[in-house]
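Engineer: Have a look at this one before I ask anything.
The values are calculated or read from the model by the stated rules, or taken from the named source; none is laboratory data. From a predicted model like this one, the values you see are computed outputs, not experimental measurements. Methodologically, a virtual Cβ is constructed for each residue, glycine included, from the backbone with ideal geometry; neighbour enumeration extends over all protein chains shown. What goes into the accessible areas is simple: the full protein's heavy atoms, side chains included, and nothing from ligands, DNA or RNA. Shrake-Rupley method; radii C 1.70, N 1.55, O 1.52, S 1.80 Å.
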Amino acid sequence: MRRQGEAISVLAEAPLLLLCSLILIVPGASGVWLNLPASGTKCVSEEIQPNVVVLADYGVIHEGQTDNLTTISVKVTSPYGNTLHEKDHVTTGQFAFTTSEAGNYLACFWIDSSNQGVETSISIDWKIGIAAKDWDSVAKKEKIEGVELELTKLEAAVQAIHENLLYLKSKEADMREVSERTNARIAWYSIFSLGVCISVSILQLWHLKRYFQKKKLI
């Protein structure tokens, strides 16, 4: 009975261990601490594929200070320059969106003009994909818990890995196509350059031959 109980315990823990391994592979949550200069802008970026949920919380680190906090401005843009989130004169905030295009999504922060000359620090909690999903709500809605919930997370992680691999495969195909086009252009350019060199050499020989014939040297 004891061995049977240990076997059941190992089987119950296996999905958890596998889930942890998959979460390490799949891009998920990341915490960032930025020191904003008195003037200028600092940005963080993340390359994300389409149809991925992004959720982020940001805030000024007050370090025990509760009043007269430095206010900041924030702007989040898509790879094509579309503004997804923009706020001014804030100390904390949150943005959430679902990506519609692949590429680098940029979040930029700077200190408001009213606080110029003062440096500050901010924290950013950036969550992507399955890390941005509210699993507590999922568990309540679908009435699942324990191992079943962990298996649901595991399934979502596997799906995210599959989609990420397909995205990387498509990027690799695009890069290979660009490389092949570039190689073809270089080959044609080399052939053209060789043809020009041969043509110029023939013209030089013809010109020298006529010159020597006029001078009656040959």
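Engineer: Given labels modelled 7 Å from the Cα in the Cβ direction, how far is it in nm from residue 42 to residue 98?
Structural biologist: Taking the simple label geometry, residue 42 and residue 98 are separated by 3.3 nm.
Engineer: In Å, what Rg and Dmax follow from the Cα atoms of segment 146-213?
Structural biologist: Over segment 146-213's Cα set, Rg and Dmax evaluate to 29.3, 100 Å.
Engineer: Here's another thing I want to ask about it. Bin width 5 Å, origin at 0, all Cα-Cα pairs of segment 63-201: what percent of pairs per bin?
Structural biologist: It works out to 2, 7, 10, 11, 10, 10, 10, 9, 9, 6, 5, 4, 3, 2, 1, 1, 0, in whole percents.
Engineer: Something else: Quick one: net charge of residue 126's neighbours, Cβ under 12 Å, K/R +1, D/E -1?
Structural biologist: -2
Engineer: If r is the Cβ-Cβ distance from residue 32 to residue 158 and R0 is 22 Å, what FRET efficiency results, to the nearest 0.05?
Structural biologist: 0.20
Engineer: Under a point spin-label approximation (7 Å from Cα along Cα-to-Cβ), what is the residue 184-residue 90 distance to one decimal in nm?
Structural biologist: Between residue 184 and residue 90, the simple spin-label model gives 4.8 nm.
Engineer: Moving on to the next point. Output the pairs from 42/127; 75/140; 42/133; 75/171; 42/153; 87/133 with a Cα-Cα distance over 29 Å in this structure; if there are none, say none.
Structural biologist: Listed pairs above 29 Å: 75/140; 42/153.
Engineer: To the nearest 10 square angstrom, what accessible area does residue 214 show with a 1.4 Å probe?
Structural biologist: 150 Å²
Engineer: How much of the pair distance distribution for segment 55-126 lies past 22 Å, counting alpha-carbon pairs only, in percent?
Structural biologist: 26 percent
Engineer: Find out how many positive minus negative residues lie around residue 75, taking Lys and Arg as positive, Asp and Glu as negative, among other residues whose Cβ is under 13 Å from that of residue 75.
Structural biologist: Numbers: positive: 42, 87; negative: 86, 88, 112.
Combined, the nearby Lys, Arg, Asp and Glu give -1.
Engineer: Can I ask one more? Report the GluC sites (Glu not before Pro) located in segment 143-218 that are in a DSSP loop and have at most 11 other Cβ atoms inside 10 Å of their Cβ, or state none.
Structural biologist: 145
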